[in-house]
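The values are calculated or read from the model by the stated rules, or taken from the named source; none is laboratory data. Note that the coordinates shown come from a computational prediction; the quantities given were computed from them, not determined experimentally. Cβ: placed from backbone, ideal geometry, glycine included. Neighbour counts: every protein chain shown.
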Amino acid sequence: MREISTRFWVNLRIESMARAIANLDTLRNRIAVSPMCQYMSDQGVATEWHRTHYSALARGGSGLVVVEATAVSPEGRISWADAGLWNDEQAAALEPIVREIKRAGAIAGIQLAHAGRKASANRPWEGDDHIPEGKPNSWTPIAPSAVAFGANLPRVPDAMSVEDIHRVQSDMAQAVRRAKDIGFDWLQLHFAHGYLAQNFWSCKSNKRTDQYGGSAENRGRYLLETLAKARSVWPENLPLTARMGVIDFDGNDEQMLGESIDLLRQMKREGLDSVDISMGFNSPDANIPWGPNLLEDIAAKVLRETQLPGSTSWFIDGPSSADRMVREGKVDFVMIGRPLLSDPHWPYHAAKELGVPEAAWKTLPAPYAHWLARYR
Ligand SMILES: Cc1cc2nc3c(=O)[nH]c(=O)nc-3n(C[C@H](O)[C@H](O)[C@H](O)COP(=O)(O)O)c2cc1C
């Protein structure tokens, strides 16, 4: 008989994290909705699409719902239709979404981001490529150095001055303050996927010769300073987390992994509570070994060596793999993406598949749970 894990389903006591968390000491399970851009915002403002989308995901039973990469400034959007949090109108549109996520019993999180040299692109289903200069919905991306990503993103970004760096960090702090004010309880800084923070971290995109480039210490400076800025605004008793790209699969893997572990140790000292382990996506020449549970062992190594609680995502091969990764202590929770797009009730089906008693009541709201528990 299949071994039934209780650990996956017992509440995750966040007291195991670095900080005690007021009013929020448990997640109802260890399934998190991974942040997923919807490219459906209007001037950075959430729309009806977001209200129904996040509501469905929260009602689907995940313990944590992390709202998509939300830009801290207009030029920090990947596409013109990205979510933003640089003004009060955007905050006001997100507030009911936060309320709805919480009402459905999940913790409401948000990922704050700046797209760096990947900014000013078409929406994925409209090309996913850079919009040429001078065309509608196009702007000049900014990055640590004037080095293009290449391939479908050929635009050469403007190299940022130190003033630009401080301005983006201050935009981040303002967005963090807005996120706090509208009730988010979980903050994730986007330090992965070839966006601005990753552009600083990677020697492929960072060719600076000042205090923000060169050595690992200098390349990590932007990330550490940004974290400190966020921490200064974000409440001490709420989790401040990051999604970190620790590997690019571009031949420089051992060095990048080692340096990332060192940087995360420093971030932990600066107040990082948890990390999601992801990839750099900073090189079009990467040779990613796509396959089931792709990052499982890498995440386990980073979490073990940094002693940070955390998670990973990418092709987690169904509920039994997720359950096993948690039971074996490789991750503290899982970030699920596309499976939740295909089935927002994935947590319910996972609970059933794993033989969890009262699966419906543990995952779904009463108007669904009652009927599913009663007539099987
Ligand atoms: C539609 C879509 C949008 C995404 N947007 C984001 C995002 O906003 N921020 C981010 O860090 N990752 C983003 N990702 C990556 C996911 O968070 C997740 O890591 C990835 O899909 C792998 O998990 P999965 O195999 O369970 O789908 C996106 C993925 C998808 C499919």
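Which of the residues belonging to the stretch 313-324 are away from the ligand (no atom under 11 Å from the Cβ) and either among the basic types (Lys, Arg) or farther than 16 Å from Glu353 by Cα (or both)?
Matches in the stretch 313-324: Arg324 only.
Scan the stretch 163-210 for residues that are under 20 Å from the mean Cα position of the chain (by Cα) and aliphatic (A, V, I, L, M) and jot them down.
Passing the criteria: Val168, Met172, Ala173, Ala175, Val176, Ala179, Ile182, Leu187, Leu189, Ala192, Leu196, Ala197.
Need the failing condition index for His166 against (1) without any contact (Cβ under 8 Å) to a residue 40 or more places away in the chain; (2) under 21 Å from Ser79 (Cα atoms), just the number.
Against the list (1) without any contact (Cβ under 8 Å) to a residue 40 or more places away in the chain; (2) under 21 Å from Ser79 (Cα atoms), His166 comes up short only on (2).
Does Ser41 meet the test of being farther than 28 Å from Ser321 by Cβ and crowded, with 17+ Cβ neighbours inside 10 Å?
It is true that Ser41 is farther than 28 Å from Ser321 by Cβ and crowded, with 17+ Cβ neighbours inside 10 Å.
Of everything in the stretch 197-254 that's in contact with a Lys or Arg (Cβ under 8 Å, 6 or more places away or on another chain) and of a type in the set (A, V, I, L, M), which residue is modelled with the lowest pLDDT?
Filtering first and then ranking leaves Leu238.
Applying the selection to the stretch 79-118, what residues are within 16 Å of the ligand (Cβ to nearest atom) and aromatic (Phe, Trp, Tyr)?
Trp80
Yes/no per residue for (1) in contact with a strand residue (DSSP E or B) (Cβ under 9 Å, 6 or more places away or on another chain); (2) farther than 19 Å from Arg177 by Cα; (3) of a type in the set (A, V, I, L, M, F, W, C); (4) outside any helix (DSSP H, G or I):
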residue	(1), (2), (3), (4)
Trp49	no, yes, yes, no
Val66	yes, no, yes, yes
Glu89	yes, no, no, no
Ala93	yes, no, yes, no
Gly109	yes, no, no, yes
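If Met17 passes every condition in (1) out of contact with any His (no Cβ under 6 Å at 6 or more places or on another chain); (2) buried (at least 16 other Cβ atoms within 10 Å of the Cβ); (3) under 30 Å from Leu303 (Cα atoms); (4) modelled with pLDDT of 50 or more but one, which one does it miss?
Condition (4) is where Met17 drops out.
Filter the stretch 61-80 down to the residues that are crowded, with 24+ Cβ neighbours inside 10 Å and farther than 11 Å from Cys37 by Cα and list them by number.
Passing the criteria: Gly61, Ser62, Leu64, Val65, Val72, Gly76.
Would you check which residues across the stretch 267-304 are more than 29 Å from Ala148 (Cα to Cα), more than 12 Å from the ligand (Cβ to nearest atom) and surrounded by fewer than 19 Cβ atoms within 10 Å (Cβ to Cβ) and list them?
Of everything in the stretch 267-304, those that are more than 29 Å from Ala148 (Cα to Cα), more than 12 Å from the ligand (Cβ to nearest atom) and surrounded by fewer than 19 Cβ atoms within 10 Å (Cβ to Cβ) turn out to be Lys268, Arg269, Glu270, Gly271, Asp297, Ala300, Lys301, Arg304.
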